Amino acid sequence: MSHSGEGARRFSAKEVEGWQDLGDHGIRIGPVITKEEGGPLSAYYARFERGEVATLPAPYEEVWVVVSGAMTLRTPDRVVTAGPGDLLHVPEHSPGELRAEEDTELACVSVPAH
């Protein structure tokens, strides 16, 4: 998706073009803002099938907003479960794993862009 630099934009998972499978897992990524746009961040939707697990760390800072479903984030020092409307912050290089407790959709923002 290209950005013309004309100001604010609205995104919806229903309008994502080019959903991408994440390996052989039941996880799909729908990018909406990418590194190619030249900005400081990336944004995407992620869809997890129930029971799917994504391991951390990521080499960038992330904020995830649970749109639907429920996710459990396990780190060495805590376990946090989040549901619709909840926001999870994951610092750069934080170890752990993210597990879908049910079919779940996230809206994600990463800094720096990737």
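Quick notes on this one:
- From 59, 84, residue being at pLDDT below 95, surrounded by fewer than 16 Cβ atoms within 10 Å (Cβ to Cβ) and either of a type outside the set (Val, Ile, Thr) or in a strand (DSSP E or B) (or both): 59
- Selection of the stretch 87-114 for residues being aliphatic (A, V, I, L, M), surrounded by 16 or more Cβ atoms within 10 Å (Cβ to Cβ) and more than 20 Å from residue 37 (Cβ to Cβ) yields 88, 90, 98, 100, 106.
- Residue in the stretch 1-56 that is most open to solvent (accessible area, probe 1.4 Å), counting only those that are of a type in the set (Lys, Arg) and over 15 Å from residue 113 (Cα atoms): 14
- Residue list for the stretch 13-29, filter: outside any loop (DSSP other than H, G, I, E, B) and touching a Phe, Trp or Tyr at 6+ places or on another chain (Cβ under 8 Å): 13, 27, 28, 29
- Among (1) in contact with a Cys (Cβ under 6 Å, 6 or more places away or on another chain); (2) part of a loop (DSSP other than H, G, I, E, B), the one test that residue 64 misses: (2)
The values are calculated or read from the model by the stated rules, or taken from the named source; none is laboratory data. Owing to the predicted nature of the structure, the values given are computational and were not obtained by experimental measurement. Positions of Cβ are backbone-derived with ideal geometry, glycine not excepted, and every protein chain shown enters the neighbour counts. Calculation scope for accessible area: heavy atoms of the full protein, side chains included, ligands and nucleic acids excluded. Shrake-Rupley method; radii C 1.70, N 1.55, O 1.52, S 1.80 Å.
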